[in-house]
Every structure is written in structure tokens, then in C-alpha cells.
Amino acid sequence: MGKWFNNLKISAKNAGFLAGVIGAAGIMSMTHMGSTYSFAYTNSVNGLKNMERISTSF
């Protein structure tokens, strides 16, 4: 396993490392984004419930 890696040029090694870092950052971002959207959805649904209750009262 190490022989083929040692035969790679430095630019290929750096590109692979950079791709890994960007991929990891993207996955962490998507996880955070999912929790943020879940929170926003929950809050908007509560507001809609209240608006529906108010509109049916009149």
C-alpha cells in the first residue's frame, strides 16, 4: 500500500489531501445545516398552528 503512495507526485498527494479536507468540511456542514432547518421548520409550524387557531376564532 505504501509503495504506490510513495510513487505519487507531491501535487497528487496534496490534491488528495485537499479533496479529503473539503469533503469532511462539506459533510460537517450538511449535518449542521440539517439541524438548523429542523429547528426552523419546528418554529414555523408552531407559528402556523397559532395563526390557524386565531383565524378560526373569527
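Quick look at the values:
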item: Any pair with Cβ under 8 angstrom, 6 or more apart, that starts in the stretch 19-31 at a residue that is of a type in the set (Gly, Ala, Ser) and ends at one that is open to solvent by less than 60 Å² (accessible area, probe 1.4 Å) and in a helix (DSSP H, G or I); result: none
item: Residue, modelled with the lowest pLDDT, within the stretch 21-41, restricted to residues that are open to solvent by 100 Å² or more (accessible area, probe 1.4 Å) and within 10 Å of the chain's Cα centre (by Cα); result: His32
item: Selection within the stretch 1-20 - assigned to a helix (DSSP H, G or I) and either loosely packed, with under 10 Cβ neighbours inside 10 Å or modelled with pLDDT under 75 (or both); result: Gly2, Lys3, Trp4, Phe5, Asn6, Asn7, Ile10, Ser11
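The values are calculated or read from the model by the stated rules, or taken from the named source; none is laboratory data. None of these values were measured; they are calculated from a predicted model. Cβ sites come from the backbone with ideal geometry, for glycine too, and all protein chains shown count toward neighbours. Quick note on the areas: whole protein, heavy atoms, side chains included, nothing else; ligands and nucleic acids left out. Shrake-Rupley method; radii C 1.70, N 1.55, O 1.52, S 1.80 Å.
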